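The values are calculated or read from the model by the stated rules, or taken from the named source; none is laboratory data. Here the structure is a predicted model, which is why all the values come from computation and not from measurement. Cβ: placed from backbone, ideal geometry, glycine included. Neighbour counts: every protein chain shown. Side chains are part of the model used for accessible areas, which takes the heavy atoms of the whole protein and leaves out ligands, DNA and RNA. Shrake-Rupley method; radii C 1.70, N 1.55, O 1.52, S 1.80 Å.
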Amino acid sequence: MRFVLAGTTLAALASAPASAFAVDYLTLEQAAQLMFPDADRFDGGEITLDAAQLQALEAQGVRGRSARWTVRIARHGDATLGVVVADAVIGKFELISYAVGIDGDGAIRQIEILSYRESHGGEIRLPAWRRQFVGKTQAAPLRVGDDIANISGATLSCTHVTDGVRRIVAVVALARRNGSLP
Amino acid sequence: MSGGRAVVRRARPLLGTLVEIGATTIEGAPPRATSAAIDAAFARIFALQQRLSRFVAASDVGRFNAAPAGACIDVGSDARAVLGAAAALRDASDGAFDVTVGSGPRAWRLDARGLHKLADEVEIDLGGIAKGHAVDCAVATLEEHGVAAGWVNAGGDLRAFGDLAVPLELRDEESGGVRRFATIEDGAFATSRCPASHGASRHASVAAPRCLWADALTKVVVASGDASHPLLACFGARGWLHGPPRANG
């Protein structure tokens, strides 16, 4: 084991400026290909729920949060293999976008994190910061790319991701019932 | 920095947190070989979670917790590895390390026959040690698949392997953001939160050769309040207690 401290003291660590941090793992297309390697094409689409459908979801104990999701439909010839749905959730200091692959029978095939943004301060709640999810980096303090730094801290809970996955499974089931998804 | 070598990074929600795997691309193999190695490492962690999680009724731990006193539970090799380490740490730390979280530190015993439950009320929660073991297992899987260097980070319990110096950032638990703390090469690092009674946002971190020990020893540092607890040296480990920002941690 080789361990080299960055600062000389913990006091120096505490006074160092905090920086934001971001990692892009996969695009939605790359995630879809990983989840459905047998697909010969992916059709783009969207799930849009109206007010009544959102209420139907809420009646099942699933909060709608958003009314629109980006979807890739995995196909092989005439057959539909499944769908991949993209979503994003906000944690205490982090924004996580992820994709859920769902088989034709409604079972979860795979979950992949697409990107991770960890902020300092309250800007995580600001729309401008959240827009960084789509598209590439623009904010100065954000480091993206070759830096492979690892973060340690009190264990990050991913409850909001698991809640989001549950929501997507319900949304896909609803969209299939009303015929807006194959 | 990755030293110019290509690194594939992926992340999935596992073990109740986000697990990130980074792998340098396997030389002389098609790109999908690295991706397949990462898939295999994630699959290893998922299988381990299904065997060790107290939230999974059919897991080794779930069956132990549901069983009456006097039961002997047949457990797999992962539970044996983790519980064996847990028993050693419990005894060496005078009970400061306790996978029963106070429900009966000595009311379980592991032997060749299995895991014995010695009291009705004892329940095991491997949350303080299994993540580290999962990271070690995922590293072994990556190496078996030919990955020469990389890392596995299970929500802050992490291990770097091979000749890759990985910069380590500590999360500011008060206001968010991260601060550069160290670089680690061929070793493990873990952080745990101290209970609120120990003061606002204090954290214990431990660096050790293996992540199981780093993960578990943070609990010893938290419980004892001693970042240089003598047990750390036994495992080639080093500990820190971090105060809130602007305090002299």
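Residue under question is B:G76, and the condition is that it be in contact (Cβ under 8 Å) with a residue 40 or more places away in the chain and in contact with an Asp or Glu (Cβ under 8 Å, 6 or more places away or on another chain); does it hold?
Answer is no for this residue.
Residue check: is B:S103 more than 10 Å from every other protein chain (Cβ to nearest Cβ), open to solvent by 30 Å² or more (accessible area, probe 1.4 Å) and in contact (Cβ under 8 Å) with a residue 12 or more places away in the chain?
It is true that B:S103 is more than 10 Å from every other protein chain (Cβ to nearest Cβ), open to solvent by 30 Å² or more (accessible area, probe 1.4 Å) and in contact (Cβ under 8 Å) with a residue 12 or more places away in the chain.
Would you confirm whether any residue within segment B:16-36 is touching a residue at least 12 places away in the same chain (Cβ under 8 Å), buried (at least 20 other Cβ atoms within 10 Å of the Cβ) and of a type in the set (S, T, Y)?
Yes, that holds for at least one residue.
When you check B:V139 against the structure, is it of a type in the set (V, I, T) and assigned to a helix (DSSP H, G or I), yes or no?
Spelling it out, B:V139 is indeed of a type in the set (V, I, T) and assigned to a helix (DSSP H, G or I).
In the list B:R159, B:R113, B:R63, which residue meets the criterion of being open to solvent by 30 Å² or more (accessible area, probe 1.4 Å) and within 14 Å of chain A (Cβ to nearest Cβ)?
After applying the criteria, what remains is B:R159.
Yes or no: segment B:208-228 includes at least one residue that is in contact with a Cys (Cβ under 7 Å, 6 or more places away or on another chain), free of Cβ contacts under 8 Å to residues at least 60 places away in the same chain and within 12 Å of another protein chain (Cβ to nearest Cβ).
Yes: segment B:208-228 contains one or more residues that are in contact with a Cys (Cβ under 7 Å, 6 or more places away or on another chain), free of Cβ contacts under 8 Å to residues at least 60 places away in the same chain and within 12 Å of another protein chain (Cβ to nearest Cβ).
If you go through segment A:35-48, how many residues are under 14 Å from A:V85 (Cα atoms) and either over 22 Å from the mean Cα position of the chain (by Cα) or not aromatic (F, W, Y) (or both)?
Number satisfying all stated conditions: 7.
What is the number of the single condition among (1) modelled with pLDDT under 95; (2) of a type in the set (G, A, S); (3) over 22 Å from B:L231 (Cβ atoms) that B:A149 does not meet?
So the condition that B:A149 fails would be (1).
Please go through (1) of a type outside the set (V, I, T); (2) buried (at least 18 other Cβ atoms within 10 Å of the Cβ); (3) at pLDDT below 95 for B:R44 and return the number of the only condition it doesn't satisfy.
Every listed condition holds for B:R44 apart from (3).
For segment B:183-197, give me each residue that is more than 13 Å from the chain's Cα centre (by Cα) and facing chain A (nearest Cβ under 7 Å).
B:T183, B:I184, B:E185, B:D186, B:R193
Could you go through segment B:170-177 and let me know if any residue there is more than 18 Å from B:A81 (Cβ to Cβ), open to solvent by less than 10 Å² (accessible area, probe 1.4 Å) and at pLDDT 95 or above.
no
If you check B:R9, B:R44, B:R51, which single one turns out to be at the interface with chain A (Cβ under 8 Å from one of its Cβ atoms) and closer than 19 Å to B:A140 by Cα?
Answer to the selection: B:R9.
Does segment B:175-182 include one or more residues that are closer than 23 Å to B:T17 by Cα, part of a helix (DSSP H, G or I) and more than 18 Å from the chain's Cα centre (by Cα)?
No, that holds for no residue.
Can you go through A:I108, A:I168, A:I113, A:I102 and tell me which one is within 14 Å of another protein chain (Cβ to nearest Cβ), modelled with pLDDT of 60 or more and within 18 Å of A:E46 (Cα to Cα)?
Going through A:I108, A:I168, A:I113, A:I102 in turn, the sole match is A:I168.
For B:V152, which of the numbered conditions (1) free of Cβ contacts under 8 Å to residues at least 60 places away in the same chain; (2) touching a Cys at 6+ places or on another chain (Cβ under 9 Å); (3) crowded, with 19+ Cβ neighbours inside 10 Å fails to hold?
(1)
Of B:D78, B:D60, B:D39, which residue is in contact with a strand residue (DSSP E or B) (Cβ under 8 Å, 6 or more places away or on another chain) and modelled with pLDDT of 95 or more?
Of the residues listed, the single one that is in contact with a strand residue (DSSP E or B) (Cβ under 8 Å, 6 or more places away or on another chain) and modelled with pLDDT of 95 or more is B:D60.
Among the numbered criteria (1) open to solvent by less than 30 Å² (accessible area, probe 1.4 Å); (2) under 16 Å from B:T141 (Cβ atoms); (3) of a type outside the set (G, A, S), which one does B:F97 miss?
Condition not satisfied by B:F97: (2).
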